[in-house]
Every structure is written in C-alpha cells, then in structure tokens.
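Okay, so here's the structure we're looking at.
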Amino acid sequence: MKLRHLAALVALAMTTVAAHAQIGVYLNPIAIRVSNSVKDTGPFAFLGQNSTSQVFYGYNFGGYDDFYHSGKISAGFDVRFADLHANNAMLKDFLIGARVSGNPFNRPLKPYVQLSAGVGITKAPDSTVHVRKPDYAIYGGLDYAIAHHVDFRIIELGYGSLTTVSSATVGAGGNIAIPSSPQLSFSSGLVFRF
C-alpha cells in the first residue's frame, strides 16, 4: 500500500516538473564572424593568408535547465557545442554558462541572456594541427512559444573571444603575435522544451 502512494507521489512530481517546461534542447544553424586586427602570413593562418576576417557556418547543439523560478524570472545553466567551418578551416566550441530568462510580456516572447566559458578548438586551412584555448561568450536572444513544448528562437546574438591557431601560437616562426579573435555570432531555430 505504501509503495502505491510513493509511486503516485513520484508521478505527480514528474508531471509538475514537465508542466514548468524548464529544460530545453536545441540544434540550430549558426554563423560566426571571426576577425583579427593583424594579418597572419604564415602557414598556420586561421583566417587564410593575409586575411583579417572570415565568416564560419555550422551548427549549434545544446541544452539548458532553468531550475530557479521567481515570478517572471528564471535562472539556470546552458551547455552548448558548436561546430563551424570556412575556407577549409575549423572552429569548435564547448561552453558552459549561467543563464537568466524572463517572461516580461503578456505575449509568448521570452528574452534571455547568458555568460558562458569553456574551450575552443581551431584548425588552420592547410594544416592538421589543432589548438585548444580558453573561450568565452555572452549571448542574448528572444524565444517565441509556438506550441506547448516548442519555441522558435527568433534570434540569438553572441559576442566572444578566442585565441585561434596562428603561426605565432604554433611556434612556426613569425614575430607577429596574433591577439585573441573577437567572434560575433548569429543563430536562429527551434527549441524543444521538456
């Protein structure tokens, strides 16, 4: 008899968690503009020979858990992975961050902001050398609820920085130090909430 009550209590608790729809998963296309103020002319030029900017395209896969709720404000964390390519170069990010979202409007618009840090991996176009460096980004976006468990991510904008592979970071010569590369990202797509 007691086991039956416990099972009913667990089922009730699980439906309460699902009703809050606090966990979201997304797989969205993403574009990141990476730029440098210094041209790399060496064999490990991440943005290409004598180039100072490049737009990388790929996908962004991640999830969030808004475990704290207070009125119209929620807070939690976000874990994401991005895989991008351009000009035969590769950029991968793995980031974990703190996230704050809200529902300040009477409509189903939900803005959010988050600060993330992690590791970025870059590979130059004509090389097999991969370089891992610390990475950070600040994101802000706007989700629109289109169904009970589905949001349309209208837009997500991000700004971050990463020291990319270069002739200076690999040690292939050259006395020009390439600074950290600013990254400006754009993404949109669907978010599935559970």
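Here are a few things to note about the model shown:
- FRET efficiency for the pair I146 and N87, taken as 1/(1 + (r/R0)^6) with r the Cβ-Cβ distance and R0 = 41 Å, rounds to 0.70.
- log10 of Debye I(q)/I(0), alpha-carbon scatterers only, for the chain at 0.11, 0.13, 0.14, 0.16 Å⁻¹: -0.57, -0.72, -0.79, -0.94
- In the chain, helical runs assigned H by DSSP with n ≥ 4 each contribute -39500 (n - 2.57); averaged across all residues and rounded to the nearest 500, the mean residue ellipticity at 222 nm is -3500 deg cm²/dmol.
- With Cα atoms, 0 to 90° folded angle of helix 2-20 axis to the chain main axis: 50 degrees
- Contour excess over end-to-end distance, with Cα ends at N103 and F194 and 0.36 nm allotted per residue: 31.0 nm
- Local electrostatic count at F61 - Lys and Arg +1, Asp and Glu -1, tallied over other residues with Cβ under 9 Å: 0
- The count of lysine pairs in the chain with alpha-carbon distances below 25 Å, taking only pairs 8 or more places apart or on different chains, stands at 7.
- Other residues with beta-carbon under 11 Å from the beta-carbon of F44 carry, at +1 per Lys or Arg and -1 per Asp or Glu, a net charge of -1.
- Within the shell defined by Cβ-Cβ distances under 15 Å, the residues around G97 carry a net charge of -4, with Lys and Arg each +1 and Asp and Glu each -1.
Rule-based calculations on the coordinates, nothing more; no lab input. Because the structure is a prediction, the values reported are computed rather than measured. Quick reminder, even Gly has a Cβ in these numbers, built from the backbone with ideal geometry, and neighbours come from all protein chains shown.
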